[in-house]
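The values are calculated or read from the model by the stated rules, or taken from the named source; none is laboratory data. As the structure is a prediction and not an experimental result, all values here were calculated from the model. Positions of Cβ are generated from backbone atoms using ideal geometry, with glycine treated the same way; all protein chains shown enter the neighbour counts.
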Amino acid sequence: MKIALEDVRKRFGRVTALDGITLTVPSGSRVGLIGPNGCGKSTLTRVLMGMLAAEGNVAIDGLSPFADRERLAPRLAYVLQSAPALAVDVGTLARAVATVRGGSVTAIAARAHELGLDLEALADRALRALSGGMKQRLMIALALAFDSELVVMDEPTAGLDVTSRQRFYEMCHALSPTATVVLCSHRLEELQHLIDHVILLAEGRVAWSGTLDAFLARRASTILEVRATSEAHTRWLRAHGFAPGTGAWWRKTTARAHKAEALTELLGELGAELTDLLVRDVETVEAAGGDGATHAR
């Protein structure tokens, strides 16, 4: 499903959550919607789902998520950042979702089982009585049990253990290639292997929209850390942009595109005398105003 937003704005009192969002997401895209906490990601996903009114034009395959909600709803899947604290029991919720989607509770139970959740055992328990991790796994099972043309998930890995997270990744890889998938997170490394497009929000605005490769090429860096073993090494490292750290360690940050060149130069100079070397790739998400958060991998 194609997503088209034009000058979308949303305010909560004096706070501007979305400030003129204009972008297009082609059908079949795998999108990472990223940015620091409070930048407007969750607000934007709720607007897309027709859960929150906003100024401007919002279209999903040419339909409005507000005026055409009944036509769009059966084609959408959504995972909230935090599951609602509902008194409804799990069994009733699963049956309601299965009815709306024209499917069976068995399909939901199968997805839940993949995530380590026994739907039958939980059927009589209130949703609000479940732990955070159990709620998250249930919400994912409800969303991915049936084929959808647009899948939007807000911080979907929050609260998942290592095994459940891996199963979630496998489910995402298995989604239909024609489905449009929007994964919302403040940590790119959580979903980097699942996406091909990045939309970066900063203070309610689009700070970047483009391919993942282009985003990484522009914002990815490599940190080289090496231990100097002689005065000659120290002079060479200083002359080539390395800065002294604690002990005998020296550090340099370079564009990831230049990593191979920098390593070749370093190894060529220090060669067999090189005893300690650390290489780390990092991504920097810049907020408006130039401040940024750096995440190492």
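The number of residues in the stretch 99-113 that are under 28 Å from the mean Cα position of the chain (by Cα) and modelled with pLDDT of 95 or more comes to 7. Scanning the stretch 203-218 for residues that are buried (at least 16 other Cβ atoms within 10 Å of the Cβ) and under 16 Å from the mean Cα position of the chain (by Cα), we see that the one that is nearest to LEU266 (Cα to Cα) is LEU216. Among all positions in the stretch 17-31, there is no residue which is assigned by TED's automatic domain parsing to the domain that holds THR180, buried (at least 22 other Cβ atoms within 10 Å of the Cβ) and without any contact (Cβ under 8 Å) to a residue 60 or more places away in the chain. Counting only residues that are surrounded by 14 or more Cβ atoms within 10 Å (Cβ to Cβ), part of a loop (DSSP other than H, G, I, E, B) and not hydrophobic (A, V, I, L, M, F, W, C), the stretch 116-133 holds 1 of them. Taking (1) in a helix (DSSP H, G or I); (2) touching a residue at least 60 places away in the same chain (Cβ under 8 Å); (3) farther than 24 Å from LYS252 by Cβ in turn, HIS193 satisfies each apart from (2). Within the stretch 158-206, the set of residues being touching a Phe, Trp or Tyr at 6+ places or on another chain (Cβ under 9 Å) and under 28 Å from ASP118 (Cα atoms) comprises LEU160, LEU191, LEU194. Apart from one condition, LEU200 fits all of (1) over 24 Å from VAL47 (Cβ atoms); (2) part of a strand (DSSP E or B); the exception is (1). Pairs, please: C-beta under 8 Å, at least 6 apart or cross-chain, first residue in a loop (DSSP other than H, G, I, E, B) and in the stretch 262-290, second at pLDDT below 85? Taking only residues 6 or more apart or on different chains, the pairs are THR275/THR229; ALA287/ALA293.
Please find, within the stretch 166-192, the residue that is surrounded by the most Cβ atoms within 10 Å (Cβ to Cβ) out of those that are among the polar types (S, T, N, Q), under 15 Å from VAL152 (Cα atoms) and out of contact with any strand residue (DSSP E or B) (no Cβ under 8 Å at 6 or more places or on another chain). Ranking the candidates gives SER176 first.
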